[in-house]
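Step one of this worksheet: look at the structure below.
The values are calculated or read from the model by the stated rules, or taken from the named source; none is laboratory data. Since we're looking at a predicted model, the values are computed, not measured. Glycine gets a Cβ as well: all are built from the backbone with ideal geometry, and neighbour counts include every protein chain shown.
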Amino acid sequence: MKKILIIGANGQIGTDLLSELRQKYGQANVIASDIKEPQTFDQHFLILDATDREAVRQTLIEYKIDEVYLMAAILSANAEKIPLKAWHVNMTILLNALELAKEGYIKKLFWPSSIAVFGPHTPRINTPQITIMDPNTVYGISKLAGERWIEYYREHFDVDVRSVRYPGIISWKTLPGGGTTDYAVEIFHDALTKGHYTSFLDANTRLPMMYMPDAIKATIQIMEADEDSLQIHNSYNIAGISFTPEELAHNIQKYLPGFHIQYKPDFRQTIAESWPESIDDSQAFKDWHWQHQYNLEAMVRDMLLHLSKKYHKEANLVL
Ligand code: AKB
């Protein structure tokens, strides 16, 4: 059985990825790591600072790791507050992993890119796989540079690295940390606990989003795809659902009729306006049969069912 290391296992995507990979490959074969302790005890967890290449190398050797999922990053909104640190962290952890893969310590690497690689001159509707990319956020610049580096390491050093451009990811287990698309998760928590939500994006800001089960499916599917079928060596566009805060609020109101939303856009509005509204993922479909499953209605229902249990608010839902 192969051995896997997740870096950034306590984060929003890392948490769900960890449980899915452990179900698939067994508890002891999937080592979780993060810079911070997890909420609950995990005997296969270790503290790891991925900017420290020697520490990562030791972990790979000690646990005889084959594959790494590099899920740690400083996201778009947080990165704008600490530009140089965000650049340093996002690039160093990737270059460390690529160097270790080049040296033979990692057989296969997953590194996520993001819709943040696109910018104000990118076609915003049905954004093509190959198009203008002029990101104007630190996070987007680091992801675009990362895409160039992974392709470079593949071409020059035959490193097997797989990547998708995540849209905003919606999930109930762990909150996202510091992204522009975070409103689409916060809204559910506030709808259930307070009955109202103040959105930091305008009512009509349409962004590409995806429900977590689809994001995990894409991540594992591309890692398992036959290498020869992958024609794209920077990062694949993947699409899920595109909606606005207003449309999301209307869908929540179907289950929580008393819920209301107000809009107070802040600096994240400018970031959102530089990103696409929807994504063309036909290349991913063609190469590795990618297709999302959840639409807006199914995602909202599933989110509310899970979170209402967490907050003991099942009785409030009109089902
Ligand atoms: C963010 O908002 O920064 C992330 C992303 C789209 O990569 N969710």
key: Test: residue in the range 169-190 that is within 18 Å of D280 (Cα to Cα) and within 13 Å of the ligand (Cβ to nearest atom)   = yes
ask   = What strands (runs of 3 or more DSSP E) lie completely within the range 17-89 and have 3 or more residues being over 24 Å from Q221 (Cβ atoms) and out of contact with any Leu (no Cβ under 7 Å at 6 or more places or on another chain)?
value = 45-47
request  = Could you check, for the range 247-263, whether at least one of its residues is of a type in the set (K, R) and more than 16 Å from the chain's Cα centre (by Cα)?
outcome  = yes
query = What number goes with the only condition from (1) at pLDDT 95 or above; (2) hydroxyl-bearing (S, T, Y); (3) more than 19 Å from K217 (Cα to Cα) that S114 does not pass?
reply = (3)
ask   = Can you spot a residue in the range 38-51 that is in the same structural domain as S114 (by TED's automatic domain parsing), under 21 Å from D182 (Cβ atoms), out of contact with any His (no Cβ under 8 Å at 6 or more places or on another chain) and not polar (S, T, N, Q)?
value = yes
key: Qualifying residues in the range 230-279 (those that are under 30 Å from G146 (Cα atoms) and among the β-branched types (V, I, T)) - the one surrounded by the fewest Cβ atoms within 10 Å (Cβ to Cβ)   = T270
key: Output for the range 280-310, where each listed residue is assigned to a loop (DSSP other than H, G, I, E, B), surrounded by 14 or more Cβ atoms within 10 Å (Cβ to Cβ) and in contact with a helix residue (DSSP H, G or I) (Cβ under 7 Å, 6 or more places away or on another chain)   = W290, H292, Y294
task = Being within 16 Å of the ligand (Cβ to nearest atom), part of a loop (DSSP other than H, G, I, E, B) and farther than 25 Å from E227 by Cβ is the filter here, so list the residues in the range 121-153 that pass it.
result = T122, R124, P135, N136, T137
